[in-house]
Amino acid sequence: MDLESARMIGAGLAAIGVIGAGVGIGSIFSSLISTVGRNPSVQPRVFPFAMIGFALVEAVALYALLISFLVLFL
């Protein structure tokens, strides 16, 4: 196996973390919608926690994408 093929495989494996982040974001917002649907009065207390969770999961996706690009181009 040559170096270019190994880079492509490594970049693809590193990008798998983006899939997990997509699942995590979907889980966060489905829980938010379910919670607000059951009790709308808690929305001002729950929404900031959902945004913090979204930001943390999105950061993981960006780190996975960064590692993928580092493997691919360096």
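Filter segment 1-19 down to the residues that are hydrophobic (A, V, I, L, M, F, W, C) and farther than 16 Å from F73 by Cβ and list them by number.
Within segment 1-19, M1, I16, V18, I19 qualify.
Mind listing whichever residues of segment 4-46 are part of a loop (DSSP other than H, G, I, E, B) and either at pLDDT below 95 or closer than 16 Å to A59 by Cβ (or both)?
A15
Enumerate the pairs (first residue in segment 1-15 and β-branched (V, I, T); second residue anywhere and surrounded by fewer than 10 Cβ atoms within 10 Å (Cβ to Cβ)) with beta-carbon separation below 9 Å, excluding pairs fewer than 6 apart on the same chain, so at least 6 apart or on different chains.
I9/M1
Say we look at segment 16-36 and pick out the residues that are farther than 15 Å from L65 by Cβ and either touching a Cys at 6+ places or on another chain (Cβ under 6 Å) or touching a residue at least 24 places away in the same chain (Cβ under 8 Å) (or both); which of these is surrounded by the most Cβ atoms within 10 Å (Cβ to Cβ)?
Only one residue tops the list, namely I28.
State all residues of segment 39-64 that are among the hydroxyl-bearing types (S, T, Y) and under 23 Å from the mean Cα position of the chain (by Cα); if no residue qualifies, say none.
Residue satisfying the conditions is Y63 alone.
The values are calculated or read from the model by the stated rules, or taken from the named source; none is laboratory data. What you see is a predicted model; the values in this text were computed from it and never measured. Positions of Cβ are generated from backbone atoms using ideal geometry, with glycine treated the same way; all protein chains shown enter the neighbour counts.
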